[in-house]
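Participant: Okay, handing you the structure first.
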Amino acid sequence: MAECRLNPDPDCPLAVPGTPVYASPMVRITACDVPEGSLLAGFGGPEDYRDCFCREMPGTVLLPEYIERFYCSIAFRPERLVLGLMGRGASNRDARALARGETDRIAVWEVVERRYASGLVAEHGERPASRKGDRPSAGLQRREDRSSDALRNPNTRHEAQQSEEILLLSNGTDTASWLSVEPLGDRTRLLFGSWVGKPERHVMLALYRLHRLYSRVLLGGC
């Protein structure tokens with residue numbers, strides 16, 4: 001199976017010359033359900049806000065490639081610039097280190113958990129109060145899927161084993177970002193989701209459209 005690599009970028013050594021570019025003005029971004037049994041679905045409480053968007057790519061896209069391309073993308077650079085002015089910026093080198101698992105932080109985000117297709121789970125950082133006490137000691141370990149439904153449903157369990165994902169918590173904002181790759185034979189589905197802990201209804205209504213538009217731009221830009 002052919003692999004889809006990153007667009008050449010002098011600041012991103014994982015890029016392979018002569019291979020397809022992720023971003024395209026014709027990219028179709030679709031709002032989708034938060035996958036059952038995913039890190040995003042299991043984070044926080046039932047009253048929290050969650051959303052999810054997806055797009056498909058030809059070939060095989062690995063999670064490290066997706067992470068690096070997401071945080072190195074042109075679409076994400078304005079946010080990086082603003083964070084840089086606040087003293088919380090991040091470079092392409094930081095994005096590359098995050099993708100390779102060499103660091104658990106980038107700008108204002110800290111990795112809560114990574115889940116690999118092999119079943120290996122790496123947990124870091126803090127969870128919101130509603131999830132504290134549910135986190136074992138940090139480190140890489142093998143464990144069962146949290147969802148009992150996933151264990152009983154072989155189709156769901158298969159998806160959980162094949163997909164790879166990472167969840168990052170934004171310090172001090174009670175928000176989190178989630179990225180995942182899901183293999184689909186000769187294609188790969190890229191997913192991007194957000195979590196907001198117990199949001200105020202009037203605040204979410206005011207920011208809802210802007211947030212969803214920005215999410216689409218970020219996913220389309222990588």
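Participant: How many of the residues making up the stretch 192-210 are touching a residue at least 40 places away in the same chain (Cβ under 8 Å) and surrounded by fewer than 16 Cβ atoms within 10 Å (Cβ to Cβ)?
Facilitator: Total meeting the criteria: 2.
Participant: With modelled with pLDDT of 95 or more and in contact with a Pro (Cβ under 7 Å, 6 or more places away or on another chain) as the only criterion, which of Ala41, Ala31 stands out?
Facilitator: That would be Ala41, the only listed residue that is modelled with pLDDT of 95 or more and in contact with a Pro (Cβ under 7 Å, 6 or more places away or on another chain).
Participant: From the residues in the stretch 65-105 that are among the acidic types (Asp, Glu) and out of contact with any strand residue (DSSP E or B) (no Cβ under 9 Å at 6 or more places or on another chain), which one is modelled with the lowest pLDDT?
Facilitator: Going through the qualifying residues, I end up with Glu79.
Participant: Residues in the stretch 38-59 that are outside any loop (DSSP other than H, G, I, E, B) and either under 21 Å from Tyr214 (Cβ atoms) or in contact with a Leu (Cβ under 9 Å, 6 or more places away or on another chain) (or both): how many?
Facilitator: Of the residues in the stretch 38-59, 9 are outside any loop (DSSP other than H, G, I, E, B) and either under 21 Å from Tyr214 (Cβ atoms) or in contact with a Leu (Cβ under 9 Å, 6 or more places away or on another chain) (or both).
Participant: Let me ask something else about it. How many residues are aromatic (Phe, Trp, Tyr) and within 14 Å of Ile29 (Cβ to Cβ) if we restrict to the stretch 182-222?
Facilitator: 2
Participant: Given the stretch 60-116, what helices (runs of 4 or more DSSP H) lie entirely inside it while holding 3 or more residues that are surrounded by fewer than 16 Cβ atoms within 10 Å (Cβ to Cβ) and not polar (S, T, N, Q)?
Facilitator: In the stretch 60-116, 77-85 are the helices (runs of 4 or more DSSP H) which contain 3 or more residues that are surrounded by fewer than 16 Cβ atoms within 10 Å (Cβ to Cβ) and not polar (S, T, N, Q).
Participant: Continuing with this model, one more query. Which condition number in (1) surrounded by fewer than 19 Cβ atoms within 10 Å (Cβ to Cβ); (2) under 13 Å from the mean Cα position of the chain (by Cα); (3) among the small types (Gly, Ala, Ser) is the one that Ser38 fails?
Facilitator: All conditions are met except number (1).
Participant: Anything in the stretch 158-180 that is at pLDDT 90 or above and among the small types (Gly, Ala, Ser)? List them, or say none.
Facilitator: Hits for the stretch 158-180 are Ser163, Ser170, Ala176, Ser177, Ser180.
The values are calculated or read from the model by the stated rules, or taken from the named source; none is laboratory data. Please read all numbers here as calculations on a predicted model, not as lab measurements. Cβ coordinates were reconstructed from backbone atoms using ideal geometry, including for glycine residues, and neighbour counts include every protein chain displayed.
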